[in-house]
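Q: One structure, pasted below without further comment.
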Amino acid sequence: PALIRLRDYRAPAWRVETVELDFDLGIEATELSARLLLRRDASQNLPLRLDGENLQLLSIALDGVPLPATAYRYTGNVLEVDGARDGSVLETRVRLRPAANTALEGLYLSGSHETGFLLTQCEAEGFRHITFFPDRPDVQSRYSVTLRADRARFPVLLAGGNPDGSGELEGGRHWARFVDPHPKPSYLFALVAGRLEKIERDYVTADGRAVQLKIWAEADAIGRCGYAMDALERSMRWDEQAYGRNYDLDVFHVVATHDFNMGAMENKGLNIFNAKCLLADPDSTTDDEYRHVEAVVAHEYFHNWSGNRVTCRDWFQLSLKEGLTVFREQSFSADMNSAPLKRIEDVSLLRRAQFPEDAGPLAHPVRPAQYSEINNFYTATVYEKGSELVRMLAGALGRAGFRRGMDLYFERNDGHAATLEDFLGALGDANGTDLMPYLAWYGQAGTPRLKAHGRYDAVRQEYTLTLAQHAPGTAGAEPRPALPIPVKLALFDRDGGMLPLHLDGQTSEGITELVVVLAQVEQRFVFGNVASSPVPSLLRGFSAPVILECDYTPGELALLLGHDVDGFNRWEAGQQLAARAYEDLRDGASADALQAWCAALALLFDSHGIDDALLADLLTPPGEVELAERETAIDPQHIHHLRQRLQLRLAERLGAEALHQRYLALAAHTTIDMDATSQARRRLKRRVLELLNLLDRARAGELAAAQYHDAPGMTDRLAALTVLLRGQAPQAASALLDYRTRYADNALALDKWFAVQAQIPDEDAPERVLMLERDPGFTLKNPNRVQALLGAFVRGNPSGFHRIDGAGYRLLAERLIALDALNPQVAARLATAFNGWQRLESQRRGAARAAIAELAGHHGLSRNLAEIIGGVLN
Ligand code: HT7
Ligand code: ZN
């Protein structure tokens, strides 16, 4: 398939000043007229070409005159029109089939024919599935949209922008019009029509605009929107305070749907959310999911400035809006909740999802140089690594400098389609500094390695830290430019106290933490006045997205785990130590690290000064995917067993009695409250029960069964169910049945029923998935359900998916073919689970290759799936 290349970018030859859309909405058939006021770039003498994906063209007129068939050509993807001039008006009328649209791109039906509603999804290139248009983000237009429909079937009619009238029509029909004063790219267009209920709140922006906030959902879900409304209000206030950004329309609509390919969409004035990222109530939502709802609501709202007011020139700049908006959300969530826990969560995600992506055949730079299907580039690299790059820039400028830079970025680019150069340029110019060296981060794939080596000179009382960087996959290749790598660091004495830092002869009294920037391949940093051999705490707060290689002894890591005041680095030291302990077990080597890890955690377990949630995270070793990243011939089942043994050793060290007592103490405070202390208790209670389950299944099973039945909310209920299933407890079957019945009508809760079973890490996992597919609740047509069963199996159950006979691979390949025919975006995303198969041990590698090769040979794969399969095969 044709590749789109960044270097081929050309400014649009035709722009659209205003768009008037007029929809006659129906579920089986919708007709719409589009009236485009065209502007021609005189410097490019090109004919008018518009995107339009398999549209049924009913009529076409230019400047009021119907066009004969000889005056235009439509290939099925591109409409070329003769005779258009600067200032011409093109009118087209097309017919769409929303109910037949299973790809959920363009205009489609959510729910059933009888009760469902219509909605649109246009990012990245969905607008061309709705009408003919230059469907690219650097064409920004003013929209007015009129919706007409049967009032009984579609009582609610919504589009982006401000309301501009509504009224009755003949035959029980009605209309509503919306005008958006802000020019926008076509990917931000949206409409929603159907039977929806709403909750409302009045909001006044810091600059005095009265805004109506309205969240819409189907009747059975509207009662679960209150938390999202609170989160929206918090997000709006935070953006005013942290970035000086105010909302800019009179109304802000948010809509929940159960049928959505991604998490949510920031359409101007009309955000649309996957229900799982919006609805929340204690009975069906876990604590982690509550935080996720808050984060996604904030993310979409923040796009109003970072994405909508300032958008991307082209899709290669996607991280300009996504990396920046993830960073803004992470800062917001850190302010709303615990900053160290948020950082742990985000870095864990980066390591679990982005590092493997960056280490395999699908690796790509944060700003890719080319793509075949843009929907495949909504990746962890563009989002999560992109956010880490913004974090480095923010760190380099400091809080006030970053704010100055962002102000200038918004001021210069408001209403424009910008590039990453515009972003770095504004941040640098506002601070009289050159940030362009950071551009190198955007252009190269792979996770850099940072080697750190410390040497203490007792005579000179000097500590020399040598830092060196190494780009992955560079052996024998063109040398890449050195990246600027900010390393935040501190030095600890052997009693766990922080040492004052005197770097390179500078005396800066009282400074115990600073950032050094490694700007070359290798650099030395000399600290003076160091009274004894220190332990360095490096990359504090994960100051750069690299893999740190440092020759710590287990005792040094244990010291940091016990004493580091940077919560993230304390956890990180524990993770490093646990990984070493895992290697001890794997290699049958000395058990120093294992003992140091268990001993340090036993001390922390008994100490009282530590937050329950942080303790729960400290008691959790790196996940199986992260451990696999350290192996060359990966055997996921072996990794699973070793990790279980590692946790068992920790549980033994803590002791069944102590675990039981701690469980009871935490359970005595069981509430449904959402405050931080209650959430932290639930998190630790879950971890303690999981550890006890490894030691004494019968006892843990009893506790879990009681917890399941008495649980006041989903966090406790799901935790208990998981423990029962993992321990093969006799009570598991009845709990599963109870859950299935209790949540038969709650799709989001039912998703968890599928997911928790798909993740049971035993030999029967593929057969269990087949059995669950026969449940009447399963359908390939709903992305959330696909994610809950197949996604949880291939991503959340490495040992089950990678069964040595290849059953997991064949199952995935077969389902991908069926899914691809319905929804190529979802199929392609699921297919990335094949990433990394080359590093499996030989038997699994052979089985995976066979399954992927067969899939690759299948005729008629979508461009989305073909690109991923072609990529992983490389
Ligand atoms: N900007 C949104 C991206 C999105 C999307 C992309 C492709 C296909 C479907 C999609 N739905 C939403 C999500 C976000 O980052 O906010
Ligand atoms: Zn986004």
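Q: Can you go through ALA735, ALA720, ALA744, ALA729 and tell me which one is without any contact (Cβ under 8 Å) to a residue 40 or more places away in the chain, among the small types (Gly, Ala, Ser) and surrounded by fewer than 18 Cβ atoms within 10 Å (Cβ to Cβ)?
A: Numbers: ALA735 fails: surrounded by fewer than 18 Cβ atoms within 10 Å (Cβ to Cβ); ALA720 fails: surrounded by fewer than 18 Cβ atoms within 10 Å (Cβ to Cβ); ALA729 fails: surrounded by fewer than 18 Cβ atoms within 10 Å (Cβ to Cβ).
Every option except ALA744 fails the conditions.
Q: Counting only residues that are outside any loop (DSSP other than H, G, I, E, B) and small (Gly, Ala, Ser), how many does region 361-396 have?
A: Here the count works out to 6.
Q: So which residues in region 68-84 are farther than 14 Å from LEU38 by Cβ and outside any strand (DSSP E or B)?
A: PRO68, ALA69, THR70, ALA71, THR75, GLY76, ASN77
Q: Can you tell me which of (1) crowded, with 20+ Cβ neighbours inside 10 Å; (2) in the same structural domain as LYS488 (by TED's automatic domain parsing); (3) of a type in the set (Lys, Arg) is the one ARG460 doesn't meet?
A: (1)
Q: Answer yes or no: is there a residue in region 457-464 that is farther than 30 Å from GLY836 by Cα, out of contact with any Pro (no Cβ under 9 Å at 6 or more places or on another chain), without any contact (Cβ under 8 Å) to a residue 24 or more places away in the chain and assigned to a strand (DSSP E or B).
A: Among the residues of region 457-464, at least one is farther than 30 Å from GLY836 by Cα, out of contact with any Pro (no Cβ under 9 Å at 6 or more places or on another chain), without any contact (Cβ under 8 Å) to a residue 24 or more places away in the chain and assigned to a strand (DSSP E or B), which makes the answer yes.
Q: Continuing with the same structure: Can you pull out the helices (runs of 4 or more DSSP H) entirely within region 782-874 that have at least 3 residues that are more than 16 Å from ligand 1 (Cβ to nearest atom)?
A: Answer list for region 782-874: 792-796, 798-801, 807-822, 842-856, 863-873.
Q: Could you please tell me which pairs satisfy a Cβ distance under 8 Å, a separation of 6+ or placement on different chains, a first residue in region 667-685 that is under 18 Å from TYR227 (Cα atoms), and a second residue that is crowded, with 16+ Cβ neighbours inside 10 Å and among the charged types (D, E, K, R)?
A: From region 667-685, the pairs are MET674/ASP287; GLN679/ASP287.
Q: I would also like to ask the following. Tell me which helices (runs of 4 or more DSSP H) are completely within region 282-349 and hold 3 or more residues being within 13 Å of ligand 1 (Cβ to nearest atom) and buried (at least 23 other Cβ atoms within 10 Å of the Cβ), or say none if there are none.
A: Numbers: elements: 287-302, 318-336, 339-349.
Passing ranges, in order: 287-302, 318-336.
Q: How many residues, within region 691-738, are of a type in the set (D, E, K, R), part of a helix (DSSP H, G or I) and more than 17 Å from ASP288 (Cα to Cα)?
A: 6
Q: Take region 89-132 and flag every residue that is within 16 Å of ligand 1 (Cβ to nearest atom) and assigned to a helix (DSSP H, G or I).
A: Initial filter on region 89-132 (within 16 Å of ligand 1 (Cβ to nearest atom)): 101-108, 110, 119-130.
Residues satisfying the conditions are PHE127, ARG128, HIS129.
Q: Hey, among the residues in region 395-412 that are crowded, with 19+ Cβ neighbours inside 10 Å and touching a residue at least 60 places away in the same chain (Cβ under 8 Å), which one's farthest from GLY263 (Cα to Cα)?
A: Out of the qualifying residues, it is ALA396.
Q: So for region 211-223 (the condition being within 16 Å of ligand 2 (Cβ to nearest atom), of a type outside the set (Phe, Trp, Tyr) and either in contact with a strand residue (DSSP E or B) (Cβ under 9 Å, 6 or more places away or on another chain) or not in a strand (DSSP E or B) (or both)), does at least one residue qualify? Can you show your working first?
A: Step one: list which residues in region 211-223 are within 16 Å of ligand 2 (Cβ to nearest atom), which gives none.
No: zero hits.
Q: Could you please find all residues in region 242-266 being closer than 29 Å to ARG399 by Cβ and either within 14 Å of ligand 1 (Cβ to nearest atom) or assigned to a loop (DSSP other than H, G, I, E, B) (or both)? Steps first, please.
A: Filtering region 242-266 for residues closer than 29 Å to ARG399 by Cβ gives 242-248, 252, 263-264, 266.
Listed by number, the residues that qualify are GLY244, ARG245, ASN246, TYR247, ASP248, GLY263, ALA264, GLU266.
Q: Which members of region 537-559 meet the condition of being part of a strand (DSSP E or B) and surrounded by fewer than 20 Cβ atoms within 10 Å (Cβ to Cβ)? Before you say what the answer is, go through the steps one by one.
A: Pass one, region 537-559, residues part of a strand (DSSP E or B): 537-538, 547-550.
Residues satisfying the conditions are ILE547, LEU548, GLU549, CYS550.
Q: Could you check region 264-273 and list, in sequence order, the residues that are within 13 Å of ligand 2 (Cβ to nearest atom) and either closer than 18 Å to LEU750 by Cα or touching a Leu at 6+ places or on another chain (Cβ under 8 Å) (or both)?
A: Within region 264-273, the first condition is being within 13 Å of ligand 2 (Cβ to nearest atom), and the residues that meet it are 264-267, 271-273.
Listed by number, the residues that qualify are ALA264, GLU266, ASN267, ILE272.
Q: So the check is Cβ under 7 Å with 6+ separation or different chains; which pairs have a first residue in region 299-317 that's within 15 Å of GLU411 (Cα to Cα) and a second one that's hydroxyl-bearing (Ser, Thr, Tyr) and within 12 Å of ligand 2 (Cβ to nearest atom)?
A: SER306/THR325; GLY307/THR325
Q: What are the pairs with Cβ atoms under 8 angstrom where one residue, in region 79-107, is within 27 Å of ALA827 (Cα to Cα) and of a type in the set (D, E, K, R) and the other, located anywhere, is within 16 Å of ligand 1 (Cβ to nearest atom) and not in a loop (DSSP other than H, G, I, E, B)? Sequence gap at least six, or different chains.
A: As it stands, the answer is GLU105/GLN121; GLU105/HIS129; GLU105/GLN825, since those pairs meet every condition given.
Q: When TYR378 is evaluated against the numbered criteria (1) within 16 Å of ligand 1 (Cβ to nearest atom); (2) closer than 22 Å to GLU329 by Cα; (3) buried (at least 20 other Cβ atoms within 10 Å of the Cβ), which criterion, by number, is the only one it fails?
A: In the conditions (1) within 16 Å of ligand 1 (Cβ to nearest atom); (2) closer than 22 Å to GLU329 by Cα; (3) buried (at least 20 other Cβ atoms within 10 Å of the Cβ), TYR378 misses (3) alone.
Q: Report, by residue number, each residue of region 739-762 that is touching a Lys or Arg at 6+ places or on another chain (Cβ under 7 Å) and assigned to a loop (DSSP other than H, G, I, E, B).
A: Listed by number, the list holds a single entry, ILE760.
Q: Can you tell me which residue is nearest to ligand 1 (Cβ to nearest atom) among those in region 381-400 that are among the β-branched types (Val, Ile, Thr) and farther than 15 Å from PRO472 by Cβ? Steps first, answer last, please.
A: Our first condition is that a residue be among the β-branched types (Val, Ile, Thr); within region 381-400, this holds for 381-382, 390.
Okay, now just the ones that are also farther than 15 Å from PRO472 by Cβ, so 382, 390.
Values: VAL382: 9, VAL390: 14 Å.
Among residues in region 381-400 that are among the β-branched types (Val, Ile, Thr) and farther than 15 Å from PRO472 by Cβ, the one nearest to ligand 1 (Cβ to nearest atom) is VAL382.
Q: Given the conditions (1) closer than 28 Å to GLY360 by Cβ; (2) buried (at least 18 other Cβ atoms within 10 Å of the Cβ), which single one is not true for ALA633?
A: (2)
This table checks each residue for (1) out of contact with any Gly (no Cβ under 9 Å at 6 or more places or on another chain); (2) in the same structural domain as SER110 (by TED's automatic domain parsing); (3) closer than 21 Å to ASP287 by Cβ.
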site	(1), (2), (3)
GLN759	no, no, yes
GLY777	yes, no, no
ARG785	no, no, no
ASN797	no, no, no
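Q: Sticking with this structure for a sec: Would you please list the contacts, defined by Cβ atoms under 6 Å and residues six or more apart or on different chains, that run from a residue in region 325-343 that is closer than 21 Å to ARG570 by Cβ to a residue that is within 13 Å of ligand 1 (Cβ to nearest atom) and not small (Gly, Ala, Ser)?
A: none
Q: Can GLY223 be described as surrounded by 19 or more Cβ atoms within 10 Å (Cβ to Cβ), touching a residue at least 12 places away in the same chain (Cβ under 8 Å), over 21 Å from the mean Cα position of the chain (by Cα) and not assigned by TED's automatic domain parsing to the domain that holds GLU329?
A: Details: surrounded by 19 or more Cβ atoms within 10 Å (Cβ to Cβ): no; touching a residue at least 12 places away in the same chain (Cβ under 8 Å): yes; over 21 Å from the mean Cα position of the chain (by Cα): yes; not assigned by TED's automatic domain parsing to the domain that holds GLU329: yes.
Answer is no for this residue.
Q: Please specify each residue of region 267-281 satisfying the condition of being in contact with a strand residue (DSSP E or B) (Cβ under 9 Å, 6 or more places away or on another chain) and either within 11 Å of ligand 1 (Cβ to nearest atom) or free of Cβ contacts under 8 Å to residues at least 60 places away in the same chain (or both).
A: ASN267, ASN271, ILE272, PHE273, ASN274, CYS277
Q: Just to be sure I understand, how many residues within region 202-220 are free of Cβ contacts under 8 Å to residues at least 40 places away in the same chain and of a type in the set (Val, Ile, Thr)?
A: The initial filter retains those residues of region 202-220 that are free of Cβ contacts under 8 Å to residues at least 40 places away in the same chain, namely 202, 204, 207-208, 219.
After this cut, where a residue has to be of a type in the set (Val, Ile, Thr) as well, the list is 204.
Residues meeting the conditions: 1.
Q: Another one. On the given criteria, is GLU294 within 22 Å of PHE410 (Cα to Cα), within 16 Å of ligand 2 (Cβ to nearest atom), modelled with pLDDT of 95 or more and among the acidic types (Asp, Glu)? Working first, answer last.
A: Values: within 22 Å of PHE410 (Cα to Cα): no; within 16 Å of ligand 2 (Cβ to nearest atom): yes; modelled with pLDDT of 95 or more: yes; among the acidic types (Asp, Glu): yes.
Taking the combined requirement at face value, the residue does not satisfy it.
The values are calculated or read from the model by the stated rules, or taken from the named source; none is laboratory data. No experiment lies behind these values; they were computed from the predicted model shown. Quick reminder, even Gly has a Cβ in these numbers, built from the backbone with ideal geometry, and neighbours come from all protein chains shown.
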